[in-house]
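Read through the structure below, which is laid out as structure tokens, and then see the notes.
The values are calculated or read from the model by the stated rules, or taken from the named source; none is laboratory data. The model shown is predicted, which means the values in this text are computed figures rather than measured ones. All Cβ positions, even for glycine, are placed from backbone atoms using ideal geometry, and neighbour counts span all protein chains on display.
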Amino acid sequence: GLLCQYREEKGGDCLVPQGYETEEGSRLGSWVIEQRKAYSKGELSIERRKRLDELGFIWNPQDASWEESFGLLCQYREEEGGDCLVPQGYETEEGSRLGSWVIEQRKAYSKGELSIERRKRLDELGFIWNPQDASWEESFGLLCQYRE
């Protein structure tokens with residue numbers, strides 16, 4: 001169908017923009033939104049859900065975005081030798097604003113808005129929730145070494 005065609009054209013992506021229309025005028029973006037609504041209300045048949053799942057359909061675009069950014073953080077950490085202290089203005093080569101995303105995670109955490117699962121995953125990476133504390137601890141360690 002139209003979603004399969006869109007996915008092929010976009011290199012495997014099922015994240016159809018809300019207002020997207022095909023060249024023939026079919027409102028695919030609206031149709032995708034309707035599928036998400038039906039799914040969230042429990043009104044989408046198991047068969048249809050299965051068919052969409054097989055395509056790699058994204059039920060919650062915000063989750064997909066978070067997962068993508070988390071993957072970029074993992075990559076950054078690997079490249080920086082285990083460090084999750086991403087500079088505020090840092091952007092990936094592809095233009096993803098990873099520094100801003102890291103700040104958003106800290107804000108969500110401090111407001112109690114970050115899910116336990118996400119917090120746990122970030123903790124497992126060695127995520128620094130308060131960079132000022134990390135800097136102080138590092139300096140204190142250096143002072144202790146100097147004293148010895």
Exercise. Among all residue pairs at least 6 apart or on different chains, which show Cβ distances below 9 Å where the first residue, located in region 78-90, is assigned by TED's automatic domain parsing to the domain that holds residue 128 and the second is in a loop (DSSP other than H, G, I, E, B) and not aliphatic (A, V, I, L, M)?
Worked result: 82/126; 83/126; 84/126; 84/127; 86/80; 89/97; 90/97
For this session: Select, from 1, 42, the only residue that is surrounded by fewer than 10 Cβ atoms within 10 Å (Cβ to Cβ) and modelled with pLDDT of 85 or more.
Result: 42
For this session: Considering (1) over 16 Å from the mean Cα position of the chain (by Cα); (2) within 26 Å of residue 12 (Cα to Cα); (3) in a helix (DSSP H, G or I), say which one residue 141 fails and leave the rest.
Result: (2)
Exercise. Wholly within region 1-71, which helices (runs of 4 or more DSSP H) include no fewer than the required count, namely at least 2 residues that are polar (S, T, N, Q) and free of Cβ contacts under 8 Å to residues at least 24 places away in the same chain?
Worked result: 28-40
Problem set entry | Subset of region 108-119 (residues that are assigned to a helix (DSSP H, G or I) and either outside the structural domain of residue 70 (by TED's automatic domain parsing) or exposed (fewer than 11 other Cβ atoms within 10 Å of the Cβ) (or both)) | 116, 117
Exercise. Just to be sure, is residue 86 in a loop (DSSP other than H, G, I, E, B) and either farther than 26 Å from residue 15 by Cβ or among the β-branched types (Val, Ile, Thr) (or both)?
Worked result: yes
For this session: Kindly establish whether residue 36 is touching a Pro at 6+ places or on another chain (Cβ under 9 Å) and within 27 Å of residue 8 (Cα to Cα).
Result: yes
